[in-house]
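Every number in this text was worked out from the coordinates using simple rules, so none of it is lab data. The shown structure was predicted, so the numbers you read here are calculated from the model rather than taken from an experiment. Please note: Cβ atoms are built from the backbone with ideal geometry, for glycine as well, and neighbour counts cover all protein chains shown.
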Amino acid sequence: MTRSQRNALAYIEEHWRKWGYSPTFRQVSEAIGLTMSGTRNVVLRLISRGWLTYTPKKRRSLVPITGALRGVGMVYDVEREKSLTGRVGDKCL
């Protein structure tokens, strides 16, 4: 896991603990010091590796996966969506 991925995951987990819901992409971007595009890439990698999950087309839906749930099949499959739709995610991610 890269430093940016660790920082993003830590920020998302802390936001969940504090507020009970997911931060916006802009909040994550500002917290880890990357552009929106860079943040999106970091988050998509965390999703593909099973550290986060989210509901497509729903705002503020990033959810950290705890160790007990990681690898149980709740992970968003980036490559599958790309093969089915020709793109990954949408404006809501």
Exercise. State the extension gain, in nm to one decimal, for the chain segment bounded by Trp16 and Thr2, taking 0.36 nm per residue of separation less the distance between their alpha-carbons.
Key: 2.9 nm
Exercise. Between Glu30 and Thr66, take the C-beta separation as r, use R0 = 35 Å, and let me know the FRET efficiency to the nearest 0.05.
Key: 0.85
